[in-house]
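Enquirer: Let me give you the structure first, and then I'll get to my questions.
The values are calculated or read from the model by the stated rules, or taken from the named source; none is laboratory data. A quick note: this is a predicted structure, and the numbers were derived from the prediction, not measured. With ideal geometry, Cβ positions are generated from the backbone for all residues, glycine too; neighbour counts draw on all protein chains shown.
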Amino acid sequence: MAALKDFLPVVIFFAVYKATDIYMATAVLIATVALQAAYQWFRHGHVPPVQLLTLVLLFIFGGATLLLRDPLFIQWKPTVLQWLMALAFLGSHFIGDKVIIQRLIGKQMEMPKSTWSRLNLAWVAFFIFSGVLNIYVAKNFDENTWVNFKMFGLMGLMLIFIIAQGLILSRYIKGAE
């Protein structure tokens, strides 16, 4: 259910874009993520860091798209977010006693420290790759193709990556035989 909530703004962005244009879709995207963050704040007393970072980047890049009437800014937002995530995951190798991925899912499985490091580095590589791919599509294809790629390509890549990792890591899940 949480994953659906995370993808809801992208789905709404896609639907509004198909019905109107990139500017209305961007405005609705900003509003949707802001409403989600407000809900999180009032319901739980905090906003998760990734959601807060997404909101800040949307205000910056989405705001620039709307103010300057240039869709290039909103097209860069996924790449900037992914590269910041890659930087955070990479930085966790040098800060603290656990890498980020171990902090996120370490309660569900036990693995050697070297396996956690490799898993975390796989996420770094994935974030860098998907950020580069997003920019490639944005620069080499029309806006409609980029929106379709954002909806189906980036989300599809993430889903495939998570499933592949799940299959590999299933042997480490606590209680698995």
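Enquirer: Please give the number of the condition Ala86 fails out of (1) over 25 Å from Leu157 (Cα atoms); (2) touching a residue at least 40 places away in the same chain (Cβ under 8 Å); (3) among the small types (Gly, Ala, Ser).
Expert: With (1) over 25 Å from Leu157 (Cα atoms); (2) touching a residue at least 40 places away in the same chain (Cβ under 8 Å); (3) among the small types (Gly, Ala, Ser) applied to Ala86, the lone miss is (1).
Enquirer: Let me ask something else. Can you tell me which residue is nearest to Ile22 (Cα to Cα) among those in segment 95-119 that are assigned to a helix (DSSP H, G or I) and touching a Lys or Arg at 6+ places or on another chain (Cβ under 9 Å)?
Expert: Within segment 95-119, the first condition is being assigned to a helix (DSSP H, G or I), and the residues that meet it are 100-105, 113-119.
Remaining after also requiring touching a Lys or Arg at 6+ places or on another chain (Cβ under 9 Å): 102, 113, 116.
Values: Gln102: 38, Lys113: 44, Trp116: 40 Å.
It comes out as Gln102.
Enquirer: Only one of Thr145, Thr65, Thr79 is free of Cβ contacts under 8 Å to residues at least 24 places away in the same chain, under 30 Å from Met24 (Cβ atoms) and among the hydroxyl-bearing types (Ser, Thr, Tyr). Can you tell me which?
Expert: Thr145
Okay, residues lined up against (1) modelled with pLDDT of 95 or more; (2) charged (D, E, K, R); (3) surrounded by fewer than 14 Cβ atoms within 10 Å (Cβ to Cβ):
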{"position": "Leu4", "(1), (2), (3)": "no, no, yes"}
{"position": "Ile12", "(1), (2), (3)": "yes, no, no"}
{"position": "Lys18", "(1), (2), (3)": "yes, yes, yes"}
{"position": "Ile22", "(1), (2), (3)": "yes, no, no"}
{"position": "Ala27", "(1), (2), (3)": "yes, no, no"}
{"position": "Ile30", "(1), (2), (3)": "yes, no, no"}
{"position": "Ala37", "(1), (2), (3)": "yes, no, no"}
{"position": "Gly63", "(1), (2), (3)": "yes, no, no"}
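Enquirer: I want to confirm something. Restricting to segment 140-177 and keeping residues that are modelled with pLDDT under 95 and part of a loop (DSSP other than H, G, I, E, B), which single residue is nearest to the chain's Cα centre (by Cα)?
Expert: Lys174
Enquirer: Output the residues belonging to segment 82-103 that are surrounded by fewer than 13 Cβ atoms within 10 Å (Cβ to Cβ) and of a type in the set (A, V, I, L, M).
Expert: The answer is Ile95, and nothing else.
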